[in-house]
Protein chains: 2
Amino acid sequence: MPELRKDPVTGRWVIISTDRQKRPNDFRFERASIIGREQCPFCPGHESFTPREVFAYRQNGTAPNTPGWDVRVVPNKFPALQVEGTLDREGEGMFDRMNGIGAHEVIIETPVHDRTLAAMSEPEIERVLWAYRERILDLKQDRRLRYILVFKNHGAAAGATLEHTHSQLIALPIVPDVVREEIDGARRHFSLKDRCVFCDIVRQDLVDMRRVVIENADATALAPYAPRFAFETWLLPKRHGARFEEAPRHEYESVARLLKSVLQRMDRALESPAYNLILHTAPFSDDVGDLFHWHIEVLPKLTRVAGFEWGTGFYINPTAPEEATRVLKGVKL
Amino acid sequence: MPELRKDPVTGRWVIISTDRQKRPNDFRFERASIIGREQCPFCPGHESFTPREVFAYRQNGTAPNTPGWDVRVVPNKFPALQVEGTLDREGEGMFDRMNGIGAHEVIIETPVHDRTLAAMSEPEIERVLWAYRERILDLKQDRRLRYILVFKNHGAAAGATLEHTHSQLIALPIVPDVVREEIDGARRHFSLKDRCVFCDIVRQDLVDMRRVVIENADATALAPYAPRFAFETWLLPKRHGARFEEAPRHEYESVARLLKSVLQRMDRALESPAYNLILHTAPFSDDVGDLFHWHIEVLPKLTRVAGFEWGTGFYINPTAPEEATRVLKGVKL
């Protein structure tokens, strides 16, 4: 059974995923093994390679776990957390732990093995966002869960181990540190100003424009003022809204359009970089409707100087966001 | 001039190191270029390849910037921060920035090109710790500075770009996020219990023993209860003390002995893994003498699934710390 443990100093929770337990020997030769399309568990016809699907957009008349799907969601075959069981919370002296209850799912974004998210059409990308929404709405009915982390690793340098384009979702009985920090910061701002900090950022940047890569009626793609990574780009809806899964229909369409444009610009300007995409949305139960603002962060992984930042939490970024914006804006699509 | 910028949501500071500014093209072909010993800027005889030394342990009668040194400290040739200038703090609307004032130095740990820290003798490792101390004591006289981050990247997977063993030091006019978080957590614990949280951890673990890798009279090497990384190991002095640079002489000797043993055990058990080593010590001016406890964290980089953790700040660790401890304790040295 996996376990969630809390660091007694920082309050940071980590998953000790003992079901994926590695012996020392296992670490020695680990490398990203790129699996060809014959063996790809995400290709149509290979539905039996994965656990049974929990959701799919399918062509009419096709049966679950057979070809005919456009987006397919399945439990991760090597899950970091387990759905079954009760959420036992307990102390071990000064330490705190709980059972690793939760869900770990894979969103297969397209049946086409070698199509990237950037290369998919805008309606196809929008459909992926809708799949995120469907899974969040379903999983948040489970009262044991407090947060759903939706993310995508693209490219080996970003941690992807399978080539066929996919996102992942981890549903958690705790709120992860990075979200807690954001909410604490947003709460500080709100208590000072009675305004959402993200709304203020969007408003100021849409006047300044030096960090706005592109915008449309509903959403803005901008380089944050203090980016951790070179060419880090955030996509924010212009309308205030704390929860991704409660966004109005037209926002998904607008965000999908921006996302395609941003990813294509990165592909052209930076020669198809590895990246992580992370959906930031409010925890299920917290009363943060006024102060949090859902958004998507795209974090290219361009440099190899990862160790320092990773270990210290302190980031050195060689590219000013104004320069990154200039480069991405300048790309001819 | 590099710049420090504060994220308006999380309060996290990042360095925008414009002097290292990369054009998009620069990212395309970046890779760790291992420089052979003929070109190694850290080898004796090549002292002119680096900026002029700021500190060295030298054999009697040898001149600065010539061979004859045992440990040599030089400014980083490509510094993330600059020593010259005034610390202008300013706002840009809702955003906060300051000049990137600070120091970025390299501690060359040995003149021998291919000797690792683990392979150095205990007195040689102790001398490296003393060099850290000397540089901290010198730099903290600069009233513009608030924190010194001492760290080591060993191996390409940990971000090292030069093979010749070395540590780095970044002196900052701000307290980085990771230290701020630790201090906030330690303060919460102290306000509840009137005790140092690290002292409590050491005390509980020395009774429990399931996470104690090794100990000696002055110090303990233990696996933290909620480690982010497989085989993560912390070295803590048993005596309470907030500041590394104020530790009594015998603690450096004891910590050096433990550090050698831990690194050797990792080398044997995990086939010489890449790792980051990070010194956690109190900020210069903060009144945290009672509540903070200096320590060294060794973070092996064993898995490649870095992207998710890096992007989300949420960690999945496949090895329980009790299992990691069992493995490291079991190594025959």
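The values are calculated or read from the model by the stated rules, or taken from the named source; none is laboratory data. These numbers come from a predicted model, not from an experiment. Virtual Cβ from ideal backbone geometry, glycine too; neighbours counted across all protein chains shown.
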- [ ] Please state which of the following conditions B:THR319 fails to meet, knowing it meets all the rest: (1) facing chain A (nearest Cβ under 10 Å); (2) at pLDDT 95 or above.
- [x] (2)
Task: Index of the failed condition, B:SER285 passing every other in (1) under 29 Å from B:ALA242 (Cβ atoms); (2) facing another protein chain (nearest Cβ under 10 Å) - done: (2)
Open item on the list: Looking at region A:279-289, can you tell me whether even one residue there is without any contact (Cβ under 8 Å) to a residue 40 or more places away in the chain and within 21 Å of A:LYS152 (Cβ to Cβ)?
Closed with: no
Open item on the list: Quick check on B:PRO79: is it in contact with a His (Cβ under 8 Å, 6 or more places away or on another chain), within 15 Å of B:GLY102 (Cα to Cα) and modelled with pLDDT under 90?
Closed with: yes
Task: Given (1) surrounded by fewer than 24 Cβ atoms within 10 Å (Cβ to Cβ); (2) at the interface with chain A (Cβ under 10 Å from one of its Cβ atoms); (3) modelled with pLDDT of 95 or more, index of the condition B:HIS250 fails - done: (2)
TODO: Could you pull out the residue among B:ARG37, B:ARG52 that is more than 9 Å from chain A (Cβ to nearest Cβ), in a loop (DSSP other than H, G, I, E, B) and at pLDDT 95 or above?
DONE: B:ARG52
- [ ] Would you check if B:VAL9 is modelled with pLDDT of 90 or more, crowded, with 18+ Cβ neighbours inside 10 Å, outside any strand (DSSP E or B) and within 14 Å of another protein chain (Cβ to nearest Cβ)?
- [x] yes
TODO: Taking the options B:GLU38, B:GLU92, name whichever one is among the acidic types (Asp, Glu) and over 30 Å from A:ALA320 (Cα atoms).
DONE: B:GLU38
- [ ] Go through region B:156-176 residue by residue and tally those that are facing chain A (nearest Cβ under 9 Å), more than 20 Å from B:GLN82 (Cβ to Cβ) and in contact with a Phe, Trp or Tyr (Cβ under 7 Å, 6 or more places away or on another chain).
- [x] 2
Task: B:GLU163 being farther than 17 Å from A:THR312 by Cβ, part of a loop (DSSP other than H, G, I, E, B) and not aliphatic (A, V, I, L, M) - done: yes
Task: Residue, nearest to A:ARG257 (Cα to Cα), within region A:225-240, restricted to residues that are surrounded by fewer than 23 Cβ atoms within 10 Å (Cβ to Cβ) and over 17 Å from the mean Cα position of the chain (by Cα) - done: A:LYS238
Open item on the list: Being within 7 Å of another protein chain (Cβ to nearest Cβ) and modelled with pLDDT of 95 or more is true for just one of A:VAL331, A:VAL305, A:VAL327. Which residue is that?
Closed with: A:VAL327
Task: Residues being within 10 Å of chain B (Cβ to nearest Cβ) and among the hydroxyl-bearing types (Ser, Thr, Tyr) - total across region A:192-245 - done: 1
Open item on the list: Condition first: more than 19 Å from A:PRO321 (Cβ to Cβ), aliphatic (A, V, I, L, M), in a helix (DSSP H, G or I) and more than 7 Å from chain B (Cβ to nearest Cβ). Can you find one or more residues in region A:177-185 that meet it?
Closed with: yes
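Hey, any hits in region A:121-128 for a residue that's out of contact with any Phe, Trp or Tyr (no Cβ under 7 Å at 6 or more places or on another chain), away from chain B (no Cβ under 14 Å) and either at pLDDT below 95 or closer than 22 Å to A:ILE15 by Cα (or both)?
no
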- [ ] Report yes if some residue within region A:296-306 is in a helix (DSSP H, G or I), in contact with a Lys or Arg (Cβ under 9 Å, 6 or more places away or on another chain) and surrounded by fewer than 23 Cβ atoms within 10 Å (Cβ to Cβ); otherwise report no.
- [x] yes
TODO: Could you please let me know if B:LEU259 is part of a strand (DSSP E or B), more than 7 Å from every other protein chain (Cβ to nearest Cβ) and within 19 Å of B:ARG211 (Cβ to Cβ)?
DONE: no
- [ ] Go through region A:291-302 and count every residue that is more than 7 Å from every other protein chain (Cβ to nearest Cβ) and within 20 Å of A:PRO176 (Cα to Cα).
- [x] 8
Open item on the list: Just to verify a result, which residue in region B:136-148, among those that are out of contact with any strand residue (DSSP E or B) (no Cβ under 6 Å at 6 or more places or on another chain) and within 18 Å of B:TYR252 (Cβ to Cβ), is surrounded by the fewest Cβ atoms within 10 Å (Cβ to Cβ)?
Closed with: B:LEU137
Task: Hits in region A:189-215 (condition: part of a helix (DSSP H, G or I), basic (Lys, Arg) and surrounded by 15 or more Cβ atoms within 10 Å (Cβ to Cβ)) - done: A:ARG203
- [ ] Answer yes or no: is there a residue in region A:280-295 that is out of contact with any helix residue (DSSP H, G or I) (no Cβ under 6 Å at 6 or more places or on another chain), closer than 19 Å to A:GLY185 by Cα, part of a strand (DSSP E or B) and of a type in the set (Asp, Glu).
- [x] no
Open item on the list: If B:PRO64 meets every condition in (1) under 26 Å from B:ALA131 (Cα atoms); (2) more than 20 Å from the chain's Cα centre (by Cα); (3) not in a loop (DSSP other than H, G, I, E, B) apart from one, which number is that one?
Closed with: (3)
Open item on the list: So A:MET94 passes all but one of these: (1) touching a strand residue (DSSP E or B) at 6+ places or on another chain (Cβ under 8 Å); (2) closer than 30 Å to A:ASP7 by Cα. Which condition number does it fail?
Closed with: (1)
Task: Unmet requirement for B:HIS164, which otherwise passes all of (1) touching a Cys at 6+ places or on another chain (Cβ under 7 Å); (2) surrounded by fewer than 20 Cβ atoms within 10 Å (Cβ to Cβ) - done: (2)
Task: Residue under evaluation A:LYS260, criteria (1) out of contact with any Asp or Glu (no Cβ under 7 Å at 6 or more places or on another chain); (2) over 19 Å from A:ARG195 (Cα atoms), criterion not met - done: (1)
Task: Residues of region B:70-104 that turn out to be in contact (Cβ under 8 Å) with a residue 12 or more places away in the chain, part of a strand (DSSP E or B) and over 22 Å from the mean Cα position of the chain (by Cα), as a count - done: 5
Open item on the list: List pairs: first residue in region A:184-205 and more than 18 Å from A:TYR225 (Cα to Cα), second residue assigned to a helix (DSSP H, G or I) anywhere in the structure, Cβ distance under 8 angstrom, at least six positions apart or on different chains.
Closed with: A:PHE190/A:VAL197; A:LYS193/A:ASP200; A:ARG195/A:HIS189
